[in-house]
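Taking it in order: structure first as structure tokens, then the write-up.
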Amino acid sequence: MSMAVDVAAVVVTYNSEDHVGALLDSIPTAMGALSYSVVVVDNGSSDGTLDLLRARTDCIVVESINDGYAAGMNRAVRASPDFRTILILNPDAALDAGSVPTMMRVLERPGVGIVAPRVREEDGTLSPTLRRGPTMGRVGGLSFTGLPAFTERIEDPKEYESEHEVEWAVGAILLVDRECYDAIGGLDETYFLYSEETDFSLRARDAGWATVYTPDAGAMHIGGGSGESAATHMMKQINRIRLYRRRTGTFRAAIYYGLTVVTEVRRAVFGHDKSRPTVRALLRPSLRPPLLNASDSILPK
């Protein structure tokens, strides 16, 4: 009977040939003395990603259709050998040496289910990856105030200097306790893309598992490696409404939906070219991306 490895590193790629090699190269030194496996699920890349992955001997490659990021992650977890923890990685990330054992020490504390490291941009500047939970006050439009009541993204550099619990963190690099992952049933595949890490951390908190940020572990994330399109911006906004509806109910979500429409209209007026098609899709469900399965009612489910 094989022993469980300490860490199952899981990656989902989609046209990621420019970045995934650097990520895989960073993993061995990041793990230190921990035992680990690496599984990469490719969601139907059309560039050279698969050729690159097939030529490597340091990862298990699973070829898949593109049925969403969350589905790919869950598939990677299922394909991993027996393990104690899960390291969720975006293909355009890279880990610092010794970062995973540092995260592991935090994860081993009672009640901690998810650990997020300090992340920097490609140019070395801080990447503000910590977030507050969704509320009507944080729908958008007032984040310039910097007030927590109106701002989901945590920008204050002081918030990144010490270890503390957070509501959720961007899912580019997250270490997850297996018991936590199993208890809440993995990532919700109905989101297809975006909001799945928000939902995961908030459901984990509902079940008694904390998400903790530590500045003692570092990583780099290029972010937006494939760029944001009108379709992906649309998905972000629709999924935020779906998440809010699932957590608060139809009445409050209807107000949240209306505020989202107003915010996107304002952005469109001020020249945000991706907000125009988003407004149309919010008002006409038939224009929403079919992959979301969110076109059967005006208020996304």
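Brief remarks on what is shown
- Between A219, A183, A172, the residue with the greatest mean-square fluctuation in the GNM of the chain (Cα pairs under 10 Å linked by springs) is A183.
- Charge dipole magnitude, Cβ of K and R +1, D and E -1 - the stretch 124-265, Cα centre, debye nearest 20: 680
- C-alpha center-to-center spacing [the stretch 152-168, the stretch 224-301] in angstrom: 27
- Each residue in E108, E17, E152 was given a count of other beta-carbon atoms within 10 angstrom of its own, and listing them fewest first yields E108, E17, E152.
- Gain upon complete extension [T232, E179; 0.36 nm per residue less C-alpha separation]: 15.9 nm
- With Cα atoms, 0 to 90° folded angle of helix 230-248 axis to the chain main axis: 90
- Listing H221, H19 from fewest to most neighbouring C-beta atoms within 10 Å gives H19, H221.
- Student exercise, the stretch 230-292 dipole from Lys, Arg, Asp, Glu Cβ charges, in Debye to nearest 20: 200
- Principal-axis analysis of the Cα atoms of the chain puts helix 20-31 at an angle of about 60° to the longest axis.
- Per residue, the average separation of C-alpha pairs within less than 8 Å and at least 6 apart gives the chain a relative contact order of 19 percent.
- Qualifying chymotrypsin sites (Phe, Trp or Tyr not before Pro) in the stretch 182-280, DSSP loop, other Cβ atoms within 10 Å at most 16: F270
- Ranking N239, Y160, A210 by Cα position along the charge dipole of the stretch 152-301, where only Lys, Arg, Asp and Glu carry charges on their C-beta atoms, puts N239 farthest toward the positive end.
- Calculated [222 nm] ellipticity per residue, helices only, for the chain: -10500 deg cm²/dmol; basis is -39500 (n - 2.57) per DSSP H run with n ≥ 4, divided by all residues, nearest 500.
- In this structure the amide hydrogen of G98, modeled in the peptide plane, comes within under 5 Å of the amide hydrogens of A30, M31, G32, none closer than 5 places in sequence on its chain.
- For the stretch 95-174, chymotrypsin sites (Phe, Trp or Tyr not before Pro) meeting the loop criterion (DSSP other than H, G, I, E, B) and having at most 12 other Cβ atoms within 10 Å: none.
- Take every Cα pair under 8 Å whose residues are at least 6 apart in sequence, average their separation, divide by the length of the stretch 230-292, and the relative contact order is 42 percent.
- Computed magnitude of the charge dipole of the chain (debye, nearest 20; Cβ of K, R +1, Cβ of D, E -1): 1540
- Nearest-ten-degree value, helix 196-206 long axis tilted from longest Cα axis of the chain: 80
- Candidates A4, N15, C59 compared by Cα position along the dipole of the stretch 1-72: farthest toward the positive end lies A4, with charges placed on Cβ.
Bear in mind these aren't lab numbers, they're just calculated from the coordinates by the rules spelled out. Not measured: the values here are computed from a predicted model. Positions of Cβ are generated from backbone atoms using ideal geometry, with glycine treated the same way; all protein chains shown enter the neighbour counts.
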